[in-house]
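Below is one structure, written out as structure tokens, with a few remarks after it.
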Amino acid sequence: MSEHIETIPVNLINGEATSLAAYRGKVLLVVNVASACGLTPQYEGLEKLHEEKEAEGLVVLGFPANEFGAQEPGSNAEIADFCTSKFSVRFPMFEKIVVKGPGQHPLYRQLVAAQPRAEEKPGSDFRAKLAGYGIKQEKPEDVLWNFEKFLISKDGRVVGRFAPDTTPDDAILADAIERELRA
């Protein structure tokens with residue numbers, strides 16, 4: 001039997017050990033983030049979403065990863081400084097982890113197993129754009145790129161997965177979050 005997602009050990013960006021159980025009863029949006037990506041401005045939208053919905057029970061969780069174009073090369077301290085100084089990020093940030101391939105963190109193993117395919121925006125050409133740069137998923141269930149999003153229900157179930165170009169204010173994501181907050 002696989003480990004329950006809430007019990008998987010993770011470390012906050014300051015090194016403090018924790019797990020998603022610290023957020024039990026909340027709706028979680030888990031995002032693999034990067035500081036030097038074309039999608040990095042999504043930090044602003046993620047922080048706004050966190051601020052607007054935190055009182056209703058949503059928590060955005062950022063997990064820096066460097067598997068995509070080496071766009072998160074910094075140390076945890078550098079990442080934390082970047083997020084607070086450039087985007088005033090207040091939502092919880094975690095230590096840099098591996099989200100695909102060898103060394104994949106157990107959290108991402110569970111997330112991907114629970115939701116093997118990301119919901120893509122209608123008309124999205126993001127996958128084609130990446131392919132144009134010679135970038136493709138090795139396995140169809142792999143995280144595609146930085147800023148892919150996983151939605152976790154109040155009871156710890158992975159209930160949604162959204163493509164990297166689904167912005168924090170996109171209706172597809174907003175509707176899914178509202179549905180979980182009301183559940």
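Cross-link partners for Lys129 among the lysines, with Cα-Cα distance under 17 Å and sequence neighbours closer than 8 places in the same chain left out: Lys121.
For Lys26, the lysines whose Cα falls under 22 Å of its own Cα, not counting residues fewer than eight places away in the same chain, are Lys48, Lys53, Lys149, Lys154. Can you list the aspartates and glutamates whose alpha carbon is less than 12 Å from that of Lys86, not counting same-chain residues fewer than 8 positions off? Partners within reach: Glu44, Glu47, Glu78. Taking amide H positions as modeled 1.01 Å from N, with prolines and chain starts lacking one, the residues under 5 Å from Val33 and 5 or more places away or on another chain are Phe63, Ala65, Phe147. FRET efficiency for the pair Ala131 and Ala55, taken as 1/(1 + (r/R0)^6) with r the Cβ-Cβ distance and R0 = 41 Å, rounds to 0.50.
Quick one: work out the % antiparallel among DSSP beta bridges in the stretch 5-182, nearest 5. Of all bridge pairs located within the stretch 5-182, approximately 55 percent are antiparallel. P(r) tail for the chain: Cα pairs beyond 21 Å make up 45% of the total.
Scanning residues 5 or more positions from Arg161 or on other chains, those with amide H under 5 Å from its amide H are Glu119, Leu151, with H placed 1.01 Å from N in the peptide plane. Legend: calculated FRET efficiency, Arg24 to Ser124, from the Cβ-Cβ distance at R0 = 41 Å, rounded to 0.05, equals 0.80. Just check the stretch 6-60 against the gyration tensor rule for me: Cα atoms, a ≥ b ≥ c as the square roots of the eigenvalues, rounded for a/c under 1.5, and otherwise prolate or oblate depending on whether a/b exceeds b/c. Note, shape of the stretch 6-60 comes out oblate. Rg then Dmax, both in Å and based on the Cα atoms of the stretch 81-183: 14.6, 41. Extension gain for Arg179 to Thr84 (0.36 nm times residue separation, less C-alpha to C-alpha distance): 31.2 nm.
Laboratory data are not the source of any read-out in this text; all were calculated from the coordinates shown. Because the structure is predicted, anything quoted here is derived from the model rather than measured. Cβ: placed from backbone, ideal geometry, glycine included. Neighbour counts: every protein chain shown.
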